[in-house]
Structure formats: C-alpha cells, structure tokens
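Asks: Here it is, the structure, as structure tokens.
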Protein chains: 2
Amino acid sequence: MTRWSIGDLAKASGLTVRTLHHYDEIGLVVASERTPSGHRRYTPDDVRRLYQVRSLRQLGLSLEEVRSALSRSDSLRPLFEAQLAALTTRARQVEALRARLTALLDGHTTESLLSTLEMMSVHESYFTGGQLSEMRSRAAALGPEAVEELKASWLGLVQQLRAHMADGTPASDPRVVDLAARWDALGARFTGGDPAIQAAARRSWEENKASISGQIGWPADDGLVEYVTQARAARG
Amino acid sequence: MTRWSIGDLAKASGLTVRTLHHYDEIGLVVASERTPSGHRRYTPDDVRRLYQVRSLRQLGLSLEEVRSALSRSDSLRPLFEAQLAALTTRARQVEALRARLTALLDGHTTESLLSTLEMMSVHESYFTGGQLSEMRSRAAALGPEAVEELKASWLGLVQQLRAHMADGTPASDPRVVDLAARWDALGARFTGGDPAIQAAARRSWEENKASISGQIGWPADDGLVEYVTQARAARG
DNA sequence: CGTAGGACCTTCCGTGGCGGGAGGTTCAAG
DNA sequence: CTTGAACCTCCCGCCACGGAAGGTCCTACG
C-alpha cells in the first residue's frame, strides 16, 4: 500500500477531504498520480509534502507563505522571524483588549456600559483604566440625564473637530477656535470645574499616550488633543 | 449643519466610505434620510449609533454580535463575558505559538528547521522545548542521511497507525501490533537504544500532555500513544 | 458474478468584513 | 455655467475552506 487514497490520507492527517481538494486546486499539495478513472493517488512524497504544509500552517503561516517557504527553504528563517514579530504584535493587541474588557466589566452596571464605550470610542484611548472609574463616579453624581446630554454634546464636538482636522482646516480658523472653546467648557462641566482635576487629566494624557500607543498597536493619539491645544493658543 | 454627508462622517469617524456603505447595506447603521437625488444624510442619532458600533467593534465583537448587543442592551454583560473568555483562549493560543516559534528559531540551522517541523507535525505536540534541543543534538550525531531515512519511516508509521485508529481497527489486530513493534524499534534507534532515555521521554509525555493541551487550545493527545501502548500489550 | 452502498469525482454557492473598480449622476466652488 | 470632487449602485475579489448537488466508481458481501 504505497499509494494513499484521499479519504485514508484525510483520516491519517486529521485534515478533511475538502481541504485536500483545496490544496490540490491551488497546487499546494497535488496528488502525483490518478487512477484511470480520476481518483487521486497520493505518493509517499506527496504525503511528506502534506505534512510539511501542515506543520507550517500550525505555526500560523498563510497558504501563500507556506508555498513560498517550501519553494525556497532558505527563506524559512526570515519568514519565521517575521511571523514571530507579527505574533508578538498580535499578542499585545489581544492582551490590551482583554485589559479593557476586564476594566469595563469590573464594577460597571449594565446600563452604563454602552455610554462609557461611546465616550471611549469618541476619544479613542484617552481614558486609562483609572480614569474609567473616575468617570463612573462622576457620572453617578451628575445623574443620568445630564450624562446623556453631555455625551451627545461631546460626541458632536469631537466629531466636528475630527472632520476639520481631516480636512486640513488650520487650528486658527475661527470655527475651530470656537469648537475648542466649547470643548473646554464641556470639560469644565465634566470635571466639576476643578482646575486641578483638569490639569491632572492633561498630565495623565501626556504621560500615558506613548505607552498606550505601544500597547494597543495603533496610534492612540490622532493629534486631536494637539489640534485643540493649538486652537486654544490661537484664541489667546 | 445637523446632517452629515457620508464623506464627512467617514473623515470624522476614521472609517472608510466603503465601510459605511457596508453598514448601511446590512442594516447596521442606516442613514435615516436621503437627499432627493439619493445621497445619504446621517442624523445625529445615526452618528451616535455609528459610534456605538465602532466602540463595540473595537472590543473585538463581530458585526452580528454588535447588532444583537444594540438591540437588547441587557445582553451586553454576558456578551462581554463571553468575549473575554474567547479573548483569553485566543491569548493563550497566540502565546503558545510564539513559544514554539521562539524555541524553533533559537539555535536551529536553517536546513534542519523543516525536518524538525515535520516531526513535530506528525507527532503533534509530543515534543516540548527541552526535547527539541535533545532531538537536535541527536540528529547531529546521526548525520543528515540517517535522519532523513528515520523521518520518512516515522512519518509512514504514524500515518498508518492513525489511519487504523480512525478506522476503529482494534489495537490487537496483527497489523497494528506489527506497526507498534516497528514504532518501538524506530524509537530505539532514535534514542540511541538507551532505555533510560526512552523511559524519560514517556514520562515527559505523560506529565506534559495535560498542560500542553491546555496551552495550545486543542487536544495534544489524540490517543495515538495509548493505541500503541495497547498494541504493545497485545504482543506481550 | 451481481449489486448495494460507500467513496470519490467536479462544480458551485456561501462565509466575514470589507477593498476597490466601473460607469454613471449630483453637488458646490469659482 | 462649468468643472472636478463627491456621491450613487452594482459587481468581483480576498482567504481557507464548508457543504451540497449530481453524477461516477470501487469494493465487500451474498
């Protein structure tokens, strides 16, 4: 029994017949022989190649990567190194997501989850875990209706600022300056008008944005804060 | 400007126009209004919904999950908990992959990478990091040709054993018993015939298979080792 | 030696979350 | 009024297969 039928090979390798068909279709693992009626016969060499493919796939490579790895075996090492780097990034992203979810679930009531998420989304990664709980207690103090209103205004503000920024409107443009003023007014209401808290929030942002960016894999700072700072300066 | 055009909304939210089209198509975020000529006009409520969607997506939920989360907000908490569990599993898988890749890259010559991988693939997670280096030094001692031959035989053996196992052939079947005997003979050559090493390898397997299974997310032990053990007993 | 029922064949549609292009219409600034 | 950017719909493509349809083939049993 030196030739393998596709079904037996599927059983032995743990893959499905459909997968073997697919590998054949794309020319990755082709059955070298066929019976007169067209049934695939896998030779020992085919089987070896299949196992090579399977092992490379288990390391998380794509079929294209597997193909190129098998065509030039000297490219294995750089390919693996690239894959390792990608996996490291991936691991960090997943871990950051986990942290955010854990922080969210920890102590939040169901109804406030969505609100908090919206704020986070609008402001991207502005809020660290600590600021999250800060926000929660403050929201409780203000009452749900005030929070709703505040949220809507905030959303609109950031929204419009982002659009201006993406358009390349200079920060000194009167419309932008006006929006920045409203940003500050809103922030004042949110922080209870306490300048110490505002200053602390700004410091926290400055200190954390670099590490946040590193953690989550994409730039935490899209320049919005700097944009507002410039507009604030232009107002004088 | 209480209505948003699709382009401006894309700029402000950081999504693409195509994505907004897609959300509209599937009814996830629909522009409530249209101009007489058919251009989408997003109302503030639409914008809010879009940001809710975006925030939930950033937590790694699928569009379907987002949809159901927004339809019944009391399902948020269980959904998040499920997502957290999934992420935890995912994090472990990625970490295990990273560990395997690191172990592989650490000290391996390029040409031996593929061979080692094949062995790993055939035997699934049999080999721990320590056994990997063990294998490497032994392979160096045997010489490349012997390794090639050994590998091919090994591949064939495991292959056929798996097929029998998947077919439900009893371990006492003479064909299986014969394959098991050849397994042991091959193992003897690989371990240099040293029974202490063989025993150590078996102990290592028994001790590690549970933790390995947990780490990598799929069952490390498909029953092959037990199958061979039974066949060995039947020969006894 | 016939036949039944599994194994195998090709072909095609579907998945998720959009990317990107074609070909046509509409809007807004100068 | 013109022109170029923005918008529209429709459609194919990606990745790695899953799964079904509809037909042919192989093999073990009677």
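Asks: Counting only C-alpha contacts under 8 Å and six or more residues apart, can you give the relative contact order of segment B:6-71 as a whole percent?
Replies: Here the relative contact order equals 22 percent.
Asks: Quick one: plug the Kirkwood hydrodynamic radius of segment A:6-71 (C-alpha pairs) into Stokes-Einstein at 20 °C, 1.002 mPa s, and report D in µm²/s.
Replies: Once the numbers are plugged in, D ends up at 177 µm²/s.
Asks: Name the residues of segment A:73-87 whose accessible area falls by at least 40 Å² when all protein chains are present instead of the chain alone, probe 1.4 Å?
Replies: A:L76, A:R77, A:F80, A:L84, A:L87
Asks: I'd like the Karplus ³J(HN,Hα) series for segment A:176-185: coefficients 6.51, -1.76, 1.60, θ = phi - 60°, whole numbers in Hz, and an x wherever there's a Gly or Pro.
Replies: Working through the residues one at a time gives 5, 4, 4, 4, 5, 4, 5, 4, 5, 4 Hz.
Asks: Dipole of segment A:6-71, Cα-centred, from +1 at each Lys and Arg C-beta and -1 at each Asp and Glu C-beta, to the nearest 20 debye?
Replies: 160 debye
The values are calculated or read from the model by the stated rules, or taken from the named source; none is laboratory data. This is a predicted model, so every value here is computed, not measured. Cβ atoms come from the backbone with ideal geometry, glycine included; neighbour counts cover every protein chain shown. Heavy atoms of the whole protein, side chains included, go into the accessibility calculation; ligands, DNA and RNA do not. Shrake-Rupley method; radii C 1.70, N 1.55, O 1.52, S 1.80 Å.
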